[in-house]
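Just below is one structure, and these are the notes that go with it.
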């Protein structure tokens, strides 16, 4: 006879030959059946002592059956049978639970083999009992034993958390398996975590904080899911951290998970610069502005009008000013500035500010200065200055200070000369003193070559000495003032001291002029008693004229002379 092998559904049956007959060997049902928690494993026994091998083992979602007066399953009697349910599950943080049992006939409920409900007798009606139990955190095993001795059979059992805030003060367990991913393209952060084991779980709260700050009391989001996508995360380049907390139906909240940090992409531009000012400098127009928080650099834009097209003319790093050296002197420009952060985000443009570049370029120095002593002072000549916007020259004389080894020309205020002139006749009493000169160049913006550079060609020269060899005596009752000719009227002499009311009245006045050729003061005019001025039209130009004035008495004698001088340039 051939050996036979048959494959069947559970319970597995193996057929083998024995003395020429086929014998069925059944594997125990309890060994072949597993039930995923929190589904109960259910075993049927053909006795009330739960002894021997169960007649049947299967899975049951709930302990809630009513078999009436019939058998609970094939192969069991309708009386004197037992049914056992077991489940091992994770109760999370545990806490207060309610066990509700009812049966006809007997029911016993065990928690980790400790009996919590005991209704164990043959009854004619359904009996009920509810007990409150505190279950520790973690995994625990429930066992429900039911027996029917005679008559009707029904059984029901349920376990539920007690969620009253006055009863349940146990915090849920902290969520586990937390992780976060960040999408730089969308700027969204997705947070995920493992499902909490709490039976009274109400949901999860997600909290977010900026790096360096604390988590607030208000959650970013509340959800019953095990993930959350933060679509409102600021894209500023900052670091943000998340934590998740579980909360139960009694309002208890777990501690937070470990921080899950993300560094956001920076798409937020800094604020626009403010407080723009301009200042004209020798190098160009300087544009300045206030520092902007978070700015790594700045860009400067320029236009020819306030509403014109702005083009970038320069940039800076940390500096809050920029010199536009390309600005043309005398032209007006409009400027606006932007700030950029380290990620390259550029702010809006600032309000416009305008200015024109002032000419701060000094003319070149005057060269070729030559100073010649003359009888009227000095004749100065110099080279024409090539500066395009030259407006005038300034001739300045000075006093020599210091010793022979190191002398300084201390300058007096000068005299303006037009730009088309390269000479000047400097009127000065030639009395043999040593002096110094410079000629400065001034442009049409008022820039001085000497003032900008502090340098100039200094010429030291000694005056001629035209002083008369005859000294003017002291004690004259007259005072004489002589001024050089202006035009063709000659040198003007004015005097006072011997008027008609004077006790020393005179009949007239006599004017004398020094003649260096004869070495004497020679009479040039006699004037009446009432005269107070005289114009010497015969005086030579380009020289210094020296004068005496005397009063002529009635007897023809003269008073002591009063003296003065007048310089006339050629």
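Read the figures in this text as sums done on the coordinates, not as results from a lab. None of the values given here were measured: they were computed from a predicted structure. Neighbour counts run over all protein chains shown; Cβ positions are idealised from the backbone, glycine included.
Structure values in brief
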quantity: Segment 210-261-segment 442-504 distance, computed between alpha-carbon centres (Å); calculated: 95 Å
quantity: Two-decimal log10 I(q)/I(0) for segment 296-439, as the Debye equation yields it once each C-alpha is a single scatterer, q = 0.14, 0.21 Å⁻¹; calculated: -0.76, -1.25
quantity: Residue-averaged [θ]222 nm for the chain, counting only DSSP H segments that reach four residues, each worth -39500 (n - 2.57); calculated: -500 deg cm²/dmol
quantity: Over segment 479-568, relative contact order from alpha-carbon pairs under 8 Å, at least 6 apart, %; calculated: 34 percent
quantity: Ranking of 145, 168, 266 by count of other Cβ atoms within 10 Å, fewest first; calculated: 266, 168, 145
quantity: Approximate spin-label separation residue 399-residue 238, in nm, with each point projected 7 Å along Cα-to-Cβ; calculated: 7.1 nm
quantity: For segment 203-338, projected area of the alpha-carbon convex hull averaged over all directions, nm²; calculated: 11.6 nm²
quantity: Debye intensity ratio in log₁₀ form over the Cα atoms of segment 422-570, taken at each q of 0.11 Å⁻¹; calculated: -0.55
quantity: Theoretical gain in end-to-end length, residue 37 to residue 305 [0.36 nm per residue, Cα-Cα removed]; calculated: 88.6 nm
quantity: Evaluated over segment 54-94, the Cα radius of gyration and Dmax, each in Å; calculated: 13.7, 42
quantity: Segment 33-161, relative contact order [Cα under 8 Å, separation at least 6], %; calculated: 31 percent
quantity: Hydrodynamic radius by Kirkwood, which averages 1/r over all alpha carbon pairs of segment 179-263, in angstrom; calculated: 13.3 Å
quantity: Radius of gyration and Dmax over the Cα atoms of segment 370-462, both given in Å; calculated: 13.5, 40
quantity: Kirkwood Rh, angstrom, segment 277-356 [1 / mean 1/r, Cα pairs]; calculated: 12.7 Å
quantity: Sequence-separation-based contact order of the chain, relative, with Cα cut under 8 Å and 6+ spacing, percent; calculated: 7 percent
quantity: Average projection area in nm² (convex hull over Cα atoms of segment 33-161, one quarter of hull surface); calculated: 7.2 nm²
quantity: Alpha-carbon Debye profile of the chain, log10 I(q)/I(0) at 0.06, 0.08, 0.09, 0.10 Å⁻¹; calculated: -0.68, -0.87, -0.94, -1.02
quantity: Sorted by Cβ neighbour density within 10 Å, fewest at the top, the residues 204, 496; calculated: 496, 204
quantity: Added length on full extension, which subtracts the Cα-Cα distance from 0.36 nm per residue, residue 325 to residue 504; calculated: 56.7 nm
